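Novice: Pasting a structure below so you can have a look.
The values are calculated or read from the model by the stated rules, or taken from the named source; none is laboratory data. Bear in mind that the values here come from a model prediction, so they are computed numbers and not experimental data. Quick reminder, even Gly has a Cβ in these numbers, built from the backbone with ideal geometry, and neighbours come from all protein chains shown. Note: areas computed on protein heavy atoms with side chains; ligands, DNA, RNA excluded. Shrake-Rupley method; radii C 1.70, N 1.55, O 1.52, S 1.80 Å.
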Amino acid sequence: MGKRSLSPRVGWRPSRRIVIAAGALIMLLLVAGVVAWWTGSSKTADAAPQPHATTSPPAGAAGSAPPPDGESAAPVAGPPPVSDPLVFARAAATMLWSFDARTTSHAEQLAGMKSWMTSESAYADWDSVQAQIPDPVLWSRLKDNGQHATATTSAAHFPSAFKQAIADDPAAITEAYIYAVTVRGKTQLAWTGGGSGAEDRQITLAVQCRPSEDCRLVAVAPRVAP
């Protein structure tokens, strides 16, 4: 049998600790009055699908070439200097959906992701963000299988319930300047042996964009908000 593709973006079950952390973030944001739509979303987190797997060509088939000699580990792209929550959320989704296990270690991936986070600990939910990649053991399997992915986004919008919450209380956003943004896009996967595939993606992010400051990532929602 050939190797199996293990997508690190889809399917591993969040831990109870992550669900609890997400619930704590929900309460903070509700107090701020800007994301009432998030209420109850943690109830669906325990229903995450099982890890996705796609069969690659049989062992011994001509494999994809490793990174060129002398190529250094590709770092995770840093956050862009933008103040528009829609633009930032699209960049953040691209970052979360992209990886190269061949050249980037698990620790390097986490460090790059953390550079996108808000420095305001009262709002930052790092657990929900780092849950977007697998644990070190599974990451090593991705490396062995030569998995890497690139991502593109096609649209970003404020969820309808978020817009309604702002319409009901326009001043509430000034508490923390946290915006809910749903992003749609696609991930292109490839792995050793010439295997490849594509996945349509959706994600809802909480991003903080204070006036005169660059946006930063706050959290990943347990479910996608329409």
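Novice: Of everything in segment 170-192 that's surrounded by fewer than 21 Cβ atoms within 10 Å (Cβ to Cβ) and hydrophobic (A, V, I, L, M, F, W, C), which residue is nearest to the chain's Cα centre (by Cα)?
Specialist: Checked segment 170-192; the qualifying residue nearest to the chain's Cα centre (by Cα) is ALA190.
Novice: Kindly provide the set of residues from segment 200-226 that are assigned to a strand (DSSP E or B), under 25 Å from LYS114 (Cβ atoms), open to solvent by 30 Å² or more (accessible area, probe 1.4 Å) and of a type outside the set (Lys, Arg), ordered by number.
Specialist: Answer for segment 200-226, where residues must be assigned to a strand (DSSP E or B), under 25 Å from LYS114 (Cβ atoms), open to solvent by 30 Å² or more (accessible area, probe 1.4 Å) and of a type outside the set (Lys, Arg): just GLN202.
Novice: Ok, one more. Restricting the search to segment 173-212, which residues are of a type in the set (D, E, K, R) and closer than 16 Å to TYR123 by Cα?
Specialist: GLU175, ARG210, listed by residue number.
Novice: For the list (1) open to solvent by 30 Å² or more (accessible area, probe 1.4 Å); (2) over 18 Å from the mean Cα position of the chain (by Cα), I need the number of the one condition that GLY195 fails.
Specialist: All conditions pass for GLY195, except number (1).
Novice: In segment 109-129, how many are over 17 Å from GLY78 (Cβ atoms), polar (S, T, N, Q) and surrounded by 14 or more Cβ atoms within 10 Å (Cβ to Cβ)?
Specialist: Total satisfying the criteria: 1.
Novice: Is at least one residue of segment 127-136 in contact with a strand residue (DSSP E or B) (Cβ under 7 Å, 6 or more places away or on another chain) and under 23 Å from ARG210 (Cβ atoms)?
Specialist: The answer is yes, given that some residue of segment 127-136 is in contact with a strand residue (DSSP E or B) (Cβ under 7 Å, 6 or more places away or on another chain) and under 23 Å from ARG210 (Cβ atoms).
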